1. What is the distance, in nm, between label points placed 7 Å from the Cα along the Cα-to-Cβ direction at residue A:225 and at residue A:80?
2. Would you calculate the separation in nanometres between label points at residue A:124 and residue A:297, each defined as 7 Å from the Cα along the Cα-to-beta-carbon direction?
3. Can you put B:57, B:282 in order, fewest other beta carbons within 10 Å first?
4. Averaged across A:121-130, how many Cβ atoms of other chains sit within 10 Å of each residue's Cβ atom?
5. In percent, what relative contact order does the stretch B:252-315 have, based on Cα pairs under 8 Å that are 6 or more apart in sequence?
6. Determine the gain in length on full extension of the stretch residue B:151-residue B:71; use 0.36 nm per residue of separation and subtract their C-alpha separation, reporting nm with one decimal.
7. Test of understanding: in a Gaussian network model of chain A with alpha carbons linked when under 10 Å, which of A:314, A:243, A:296 would top the mean-square fluctuation ranking?
8. Roughly how tilted is helix A:88-101, in degrees to the nearest 10 and between 0 and 90, from the longest Cα axis of chain A?
DNA sequence: ATCACTGCTGGGAGCGCTCCCACGCGCTCT
DNA sequence: AGAGCGCGTGGGAGCGCTCCCAGCAGTGAT
């Protein structure tokens, strides 16, 4: 890491200086730095030697200016920093993104857009094209963020499409399959009166989980009973409320599939208060395989999403996109971006 | 957020275009953008109007190249991402940094340097001067990172000096005062045989806590008893081991001041196993005021560090530094950077 | 021997900004 | 009336790269 001072006191060496040292032209050095194949081996070696001797490091600002790219992507989190840290979801996602970026020159920017002020700033940021691409995680259905990004013509990948015809590239876990396997598992345990507490149904993924639940019932030839389905909202309180309603309406239910672990935790409280034992009287399955699931009493069977893997795939997709869509322009209207779906996995524990 | 296309298809407007629109020169627009005072009000208004009309956003890359600054600082975390998320310390710190940056144009980069590979990358990053300054948090005493940063002549602020004569600017909480007030509190409760489990004594802050403990004893005229001091290492296991040793050596001790909440948790286990009740037989005080302290049984009295505030102050200090140290050069040898110390606060709970 | 044609190479022309020098104007002070 | 000053201003000269075109050899076909 030798950094020799030269020329204008203390400045780092420039391409020009490396070129002079190696006895070649500026263009050639640039080609070597950027790994162009059309450089002879001898020349390449000479340049590499000069680079090493001078401790040359490319000036990113100059490169960004000349090439009109930044070599950076942003992970946009439409939440407060507090929630970001509270949710293991983000942590896992970040790990996946980091892994995908590990052997790249790409720089990751973490941008919170929890309040209006931050969103305003983000808008400025994107307008200035300070990143080559954007990773959008856990966006709400009515969020204008994705459309803004699309409008600006910035490559983007979203985690969890907002609807069946999401125009942006997306990576999702198989919510339908998850709901289906959770329900099928309960059926395989001999349960027949399986209740379901949904998530917020304006969230596409939650809707899919519920559809998966229905599919499993249909496949097993069990008649659907609308009385066994109660809307929730992912929250603990919602779980309690829904469970109470279900118990009142169908006291003979023998299993519950909740759309999130937190919801399941709420349901468990009500079940316990009602004197139902888990899993003997009522089997319980959650979703997310969060820390709550592991620490619940009894430990909760839950559907695990490959969040880290999602982060990795999202990043790969985005990198590909930024690489191909070189001259920055808007995606032609009507062109659907790839929708990737990753498998979920049922983690069996004592609650079922 | 009107972004009108112009000139070379779709490119954003440039300074030049804004200047033409406002009927002024490039220089004048630049001055307005950068808030230079030497622009007449009329001209300023005209330029601002043009900026608004065109939806002009400065090109950061060009600015960085021309001005040789990046308007970005890095928060360097010498830990894995996993630990980063696990520790509320970082979350609070980040909040403080964010707050200080909120009404700045500065961009925050979060850089993990948990393993060799990441550190290598960081070195490249810093060598390329891609940030104007660096915030260094929770660096270990033998970490080469701070010296590398200093060597490169990059302004830096460190959280927690590594020794009494830390050459870098630093912001710390008052570890001495914290240890002193925790001990004084125990004395005020009528305790006289107060034991102390230290932190890792190669960590300057831990050392200061222990010195604070001693000061309090001296001030109260209580004779120091080396048998009451046992080295720990911030860990739970260390707390258990130390507590066992203390109990064996001084079975009549009536209070324990542990250098961290985690250590206190370890100590509590041993005390309980030994049949000592808290706080009746033995009063216990921890350090950090972490979640553990609140959830312990009984809730643990602990010393709170103003971590968010530390983040804020560190950032302010760094911004000041980057602003003044305009032409990038090394800090002259021998020039000590400011050492700021923020007060701690004793949070009383049922354990004492 | 002439003419492509291919494989490497050098260097001009910018990218959009900041910095700074020089200029013009309206004053005040001789 | 002329010199001197300061304020506001315009625009040249880069910052360190990438892109691209032209040029130069060497090769095989005509």
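1. Going by the 7 Å Cα→Cβ label model, 4.2 nm.
2. My value for the distance between the label points is 5.2 nm.
3. Values: B:57 19, B:282 25.
Ranked by crowding around the Cβ, least crowded first: B:57, B:282.
4. On the way: counts 3, 0, 2, 4, 3, 2, 6, 7, 6, 6.
Mean partner-chain Cβ count within 10 Å for A:121-130: 4.
5. Details: 75 pairs, mean separation 20.9, N = 64.
Reported relative contact order: 33 percent.
6. Details: separation 80, 0.36 × 80 = 28.80 nm, distance 2.07 nm.
This chain segment gains 26.7 nm when fully extended.
7. A:296
8. 30 degrees
Readers should treat all values here as calculations from the given coordinates under stated rules, not as data from a laboratory. The shown structure was predicted, so the numbers you read here are calculated from the model rather than taken from an experiment. A quick note on method: Cβ atoms are made from the backbone with ideal geometry, for glycine too, and the neighbour counts reach across all protein chains shown.
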